[in-house]
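Report on the structure given below.
The values are calculated or read from the model by the stated rules, or taken from the named source; none is laboratory data. Remember, predicted model here, so these are calculated numbers, not experimental data. Every residue, glycine as well, gets a Cβ built from its backbone with ideal geometry; the counts of neighbours run over all protein chains shown. Calculation scope for accessible area: heavy atoms of the full protein, side chains included, ligands and nucleic acids excluded. Shrake-Rupley method; radii C 1.70, N 1.55, O 1.52, S 1.80 Å.
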Amino acid sequence: MTTQRTRPRAARTESPSRRGRRTWDQPWSTPILILEPGPTVDGGRWPAKRVVGEDCVIGADILREGQDALAARLRWRAPGERAWGSAPMEYDADRDRWTGVLRPDRPGRWLFTIEAWAEPFASWRAELERWLAAGEDVELDLAEGAELVERSARRARGEARRTLADAAALLRDARAAAGARAAAALDPALERLATAHAHRVDFTRLEPALPLLVDRERARFAAWYELFPRSHARERGRHGTFADASWQLPRLSRLGFDVVYLPPIHPIGVTNRKGRDNRLRAAPGDPGSPWAIGGEEGGHTAVHPDLGTLEDFDRFRRSAEELGLEVALDYALQCSPDHPWLRDHPDWFFVRADGSIRHAQNPPKKYEDIVPLNFRCRDRAALWQACLEVLLFWIGRGVRTFRVDNPHTKPFAFWEWMLGEVRREHPDVVFLSEAFTRPKRMRALAKLGFAQSYTYFTWRNTAAELREYFTELTTPPVSDYLRPNLFVNTPDILHEYLQAGGRAAFRARLLLAATLSPLYGVYSGFELCESLPREPGSEEYLHSEKYELRPRDWEAPGNLNGDLAALNRIRRGNPALRLLDNLTFLHSETPEILFYRKSAPGNELLVAVNTDPRRLQHGFVHVPVEELGLAAGERYAVEDLLTGERFEWRGARNYVRLDPAERVGHVFRVLLPPGGAGVGRAAVRPGGDAAAGGAGPRGAGRGDGGPPPGDGRDR
């Protein structure tokens, strides 16, 4: 594992007195300073993250004494390449910062750096222009300019050399007309030619180069669906197979999901197998927890015989891919007491004082059916290699996405090595970190290379909590390396908000997850609003699917299939919902209504969500009209993408009404310029429940065009 850099980052410079380069020992000796380069994570210790085809804006503060003109360029090296590409950097005077754009075209670990130098001719030209404007004598200035042009001519060849030599002669010719000499001196074509062939004075390069980790688009934008194949038998009471689960794939494709995530598909141990609802003793026929991996049939590279064979899994994966779905597997580095590794490598586990193998525990919880691996055992090199070979095995069978179970319980050094080894040959593989732990540990795992991360979204339910948390997640530096995947529920987590909030709570959480982040996930049963806990105060499901088969009727009354299909369609059709760091929270006069903006070029979205699933909430929200290019009192149209309705708004302050019995929110697309015909009060669709929205803004779905009379609110 590499060590943390402690010395200041130095720059490489080129002495103006010779063409060779030399490295200065002290960064303060550098004639040009390149400061605050970015994006970086911990000063370049870890890579920032981007995706293929995404513009990565790279910036730096580039400084030199005085008023001399500077130039800079961005340099980069793609994975597997030796040559460096380059692009000019632009100077923003308002921010006093230089920026350039890198658009990576392949996944992997990129490097970038910044080079800067002084441009004497541009400095001379700017000063000459000021002297001419002041009416001063510029004879000596023209002679100095001629000398600069002559230096460039000596470095040029052919026509360029002749052109520069002629220009230098004219600048020196005191007999020529003053106007002609001035015009030649200020000619932009001369500046371009002289600069192109000039010696780069005080050339400085930022060293060492900075890393950038580039993933494929699926690492940034995807809707996940988690299912247990064993629960999907076509005959009730039978253990499901991969072939049975394949029948669910068309449904998930119609609902607009991108990733189908399967919990562990391996053989399950029988020793200490858990029974239903996590009972210590399993009854005959209880299937056990899929996370108790390994049995006489094999370990992490085998599949449970009741699910089928490896070839059956391959057919399932291919069927998913034909429908545009990607299969993600669970990578859980733990074993049941029956795993072959305990027989072949008992030293890979924690041995207690009495010689027994320690089972997993998180006091006061005990997991008697699972034994953890000792990643710091004496034979750790062989253990780590075996764990790597598990991943390579499934990658070899076409899997490119893995949800990693509890990575925070394994050494950081292991993950740095493991992720680096996999990405060296398979840079397109995506890893999701399932680490519900302290925030700094979650961030550390993201820095180490996990492409996506679970979050605390499940426990952030009020508008104030969501605003605070997502401001943190979507603001640099966190947004440069951590991509939040917002699972609305998991087999382990049924939050009190869903237990008590009814169907409206499920709809609100789904709307929030699908629009706050480009990544979100749903565990089976959420669309049926399953909300019964094992006992009061527990976040465990009653009759948890972790311990038993759970066949379901996916078309049961009250299902959220319409919400899922509508939101996934909206996500795919609106570029603003593919980005993370474009989230801006806006003012809502009603504390329970969360109002925010998601913006992309040509795509302005405004989202309003009632976070109170039990009560009608209404009031005014404030639109940033100036940022949208609108005048303070100008009329404009918004379209609710959930229902297709269009409404006319005016200015910044507009009214929304969200009754959770009918609608929990809006996803408004701002129509610029106003839509004209068809804008105004629109009829509510029959049923009004196709998705999470409905009528409610000023003049929409109400005859009075405002809040209910006598509610005490100032219009």
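Please work out, to two decimal places, the log10 of the ratio I(q)/I(0) at q = 0.18, 0.19 Å⁻¹ from a Debye calculation in which every Cα of the range 122-264 carries one identical scatterer. Ignoring solvent entirely, the Cα scatterers give -0.99, -1.05.
Short to long, the 20 Å bins of the Cα pair-distance histogram for the chain hold 15, 39, 29, 14, 3, 0 percent of all pairs. The residues of the range 517-623 present an accessible area of 35 Å² per residue when probed at 1.4 Å with all protein chains retained. Estimated from the Cβ-Cβ distance and a Förster radius of 41 angstrom, the FRET efficiency linking ALA126 and GLU217 is about 0.40. Solvent-accessible area per residue in the range 129-183 equals 65 Å², computed with a 1.4 angstrom probe and all protein chains kept. Among LEU190, TYR520, PRO264, whose Cα sits farthest toward the positive end of the charge dipole of the chain (+1 at Cβ of Lys/Arg, -1 at Cβ of Asp/Glu, about the Cα centre)? Result: PRO264, furthest along the dipole toward the positive end. For the set ARG635, ARG403, the ranking by accessible area, highest first and with no ligand, DNA or RNA atoms included, is ARG635, ARG403 under a 1.4 Å probe. When the charge dipole of the chain is built from unit charges on Cβ atoms (+1 for Lys and Arg, -1 for Asp and Glu) and taken about the Cα centre, the candidate among LEU252, GLN385, VAL667 whose Cα reaches farthest toward its positive end is GLN385.
For the range 80-170, the extents of the C-alpha atoms along the principal axes are 57, 39, 15 Å, listed from largest to smallest.
Note on the chain: with charges restricted to the Cβ of Lys and Arg (+1) and Asp and Glu (-1), its dipole about the Cα centre is near 820 debye. Restricting the GluC sites (Glu not before Pro) of the range 97-158 to loop positions (DSSP other than H, G, I, E, B) with no more than 13 neighbouring Cβ atoms within 10 Å leaves GLU136. With Cα atoms defining each centre, the range 324-359 and the range 568-644 are spaced 48 Å apart in the structure.
Rounded to whole Å, the principal axis extents of the Cα atoms in the range 248-369 read 55, 31, 27, largest first. A viscosity of 0.692 mPa s and a temperature of 37 °C, combined with the Kirkwood radius over Cα pairs in Stokes-Einstein, give a translational diffusion coefficient for the range 477-599 of 205 µm²/s.
The relative contact order of the chain comes to 9 percent, based on Cα pairs under 8 Å that sit 6 or more residues apart. With all protein chains in place and a 1.4 Å probe, the accessible surface of the range 566-608 carries 52 percent carbon and sulfur. Report summary: the helix-based calculation at 222 nm, which adds -39500 (n - 2.57) for every DSSP H run with n ≥ 4 and divides by the residues of the chain, gives -8000 deg cm²/dmol.
In the range 369-455, the alpha-carbon atoms span a convex hull of 107 Å³ per residue.
Look at the dipole of the chain built from charges on Cβ: of SER453, ALA122, GLY237, the Cα furthest out on the positive end belongs to GLY237.
Around the amide H of ARG550, modelled in the peptide plane, lie the amide H atoms of SER231, all under 5 Å away and 5 or more residues distant in sequence or on another chain. Of the GluC sites (Glu not before Pro) found in the range 495-554, none is in coil by DSSP with at most 10 other Cβ atoms within 10 Å of its Cβ.
Let's see if you can work this out: charge +1 on each Lys and Arg Cβ, -1 on each Asp and Glu Cβ, no other charges. What is the dipole magnitude of the range 201-318 about its Cα centre, in debye to the nearest 20?
That gives the range 201-318 a dipole magnitude of about 540 debye.
Per-residue accessible area (protein heavy atoms, 1.4 Å probe) orders GLU468, GLU592 as GLU468, GLU592, starting from the largest. Over 30 Å between C-alpha atoms is what I'm after, so list which of LYS447/LYS598; LYS49/LYS274; LYS49/LYS546; LYS49/LYS366 land there. Cα-Cα > 30 Å for LYS49/LYS274; LYS49/LYS546; LYS49/LYS366; rest within.
For trypsin sites (Lys or Arg not before Pro), the sites in the range 249-279 that DSSP calls loop and that have at most 14 other Cβ atoms within 10 Å are ARG279.
Could you estimate the translational diffusion coefficient of the range 561-619 from the Stokes-Einstein equation, with Rh from the Kirkwood formula over C-alpha pairs, at 10 °C and 1.306 mPa s, in whole µm²/s?
124
Annotation: per residue accessible area for the range 348-449 equals 47 Å², rounded to a whole number [probe 1.4 Å, protein chains only].
Straight-distance candidates among the aspartates and glutamates for linking to LYS410, with alpha-carbon spacing under 15 Å and chain neighbours fewer than 8 residues away dropped: GLU434.
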